Amino acid sequence: MAQVSTVAVIGAGTMGRGIAQVAALGGYRTILEDLLPNALRKAESEIRIHLDKAVELGKVAAADAGAAFARLEYAGSVEEAAREADLVIEAVPEEMESKIEIFTLLDKICRPGTIFASNTSSFSITEMASVTYRAKKCVGMHFFNPVHKMKLLEVVRALETDDETIATVTQVGRNMGKEVVVIKESPGFITSRVNAMIGNEAFLMLQEGVASAGDIDKALKLGLNHPMGPFEMVDLVGLDTRLHILEYLHRTLGEKYRPAPLLVQYVKAGRLGRKAGRGVFEYPEGEA
């Protein structure tokens, strides 16, 4: 198993800053990168808020939270963030072109032994690895939102990922406080494949007028014991992200994953979820 002491996280959006937080809490020197200075400032502020809240609730000792915050560093370029990293976790938006571009760049600037991981929720790690000279060191690490609360980590083995890489990222995930499942690459992995189907069916029911969005959510929470309804979930994840996933699953797995027309319409209207202030539900300013 390879030794990991420094983790670089590429992208300081919701997922990236969450991954950086749990990496720092896991004892790793953590470098969070984003091209936008405002994104890094927001990430630093939100990580501080989450750590303070964890201390207040008794989930993290004050000394551990302070040590984690001290392990965090910030970078304005991929080169600056990844040059010294043992593990680089890509956490940019769910667009294959962007992910391939980052893997191509990383392969030029990182040491030969550096592991590349993607936080993709559905895309092919094998395809990303194909643009590098280290396919054995490429792997999926699919975290869940909100990262600091959700316990699961899907570790995804691509076609050529070696056993050492799987063992290393599995241990890193456990050090981050995650329960790890290791799966063979398949479109949508486990959770995204099932969840996309549930969410798409919910949109079809809403489109058909079977019930209101609130009642569909209530039915799945109270009748199936889901912690969140499908519309609460898609508003949190982002309707555009869910649409990208469904379009990919539709191309790779067939007709049953065709996106509901209402979902497509909402995305075209800019109703992208909490981040836009409006998705299936509306969010007053300050609640998004």
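The values are calculated or read from the model by the stated rules, or taken from the named source; none is laboratory data. Values in this document were obtained by computation on a predicted structure and should not be read as measured data. Glycine gets a Cβ as well: all are built from the backbone with ideal geometry, and neighbour counts include every protein chain shown.
Looking across region 80-122, the residues that are touching a helix residue (DSSP H, G or I) at 6+ places or on another chain (Cβ under 8 Å), at pLDDT below 95 and of a type in the set (D, E, K, R) come down to 83, 94, 95. The single residue among 25, 72, 51, 35 that is under 20 Å from residue 174 (Cα atoms) and in contact with a Ser or Thr (Cβ under 9 Å, 6 or more places away or on another chain) turns out to be 72.
Selection of helices (runs of 4 or more DSSP H) fully inside region 152-265 by the criterion of at least 2 residues being closer than 26 Å to residue 116 by Cβ returns 163-175, 191-208, 239-253.
If you filter region 131-146 down to residues that are modelled with pLDDT of 95 or more and out of contact with any strand residue (DSSP E or B) (no Cβ under 9 Å at 6 or more places or on another chain), you find that the one that is farthest from residue 99 (Cα to Cα) is 136. Close contacts from region 249-271, counting a first residue that is in contact (Cβ under 8 Å) with a residue 40 or more places away in the chain and a second that is among the β-branched types (Val, Ile, Thr) and loosely packed, with under 11 Cβ neighbours inside 10 Å, with Cβ to Cβ under 8 Å and a gap of 6+ residues or different chains, come to none at all. Each residue in region 266-288 was checked for being closer than 17 Å to residue 207 by Cβ and either part of a helix (DSSP H, G or I) or out of contact with any strand residue (DSSP E or B) (no Cβ under 7 Å at 6 or more places or on another chain) (or both), and 6 of them qualify.
When residue 157 is tested against (1) of a type outside the set (A, V, I, L, M, F, W, C); (2) within 17 Å of residue 259 (Cα to Cα); (3) without any contact (Cβ under 8 Å) to a residue 40 or more places away in the chain, just one condition goes unmet, and that condition is (2). Among the conditions (1) hydroxyl-bearing (Ser, Thr, Tyr); (2) closer than 24 Å to residue 153 by Cβ; (3) out of contact with any Asp or Glu (no Cβ under 8 Å at 6 or more places or on another chain), the only one that residue 241 does not satisfy is (3).
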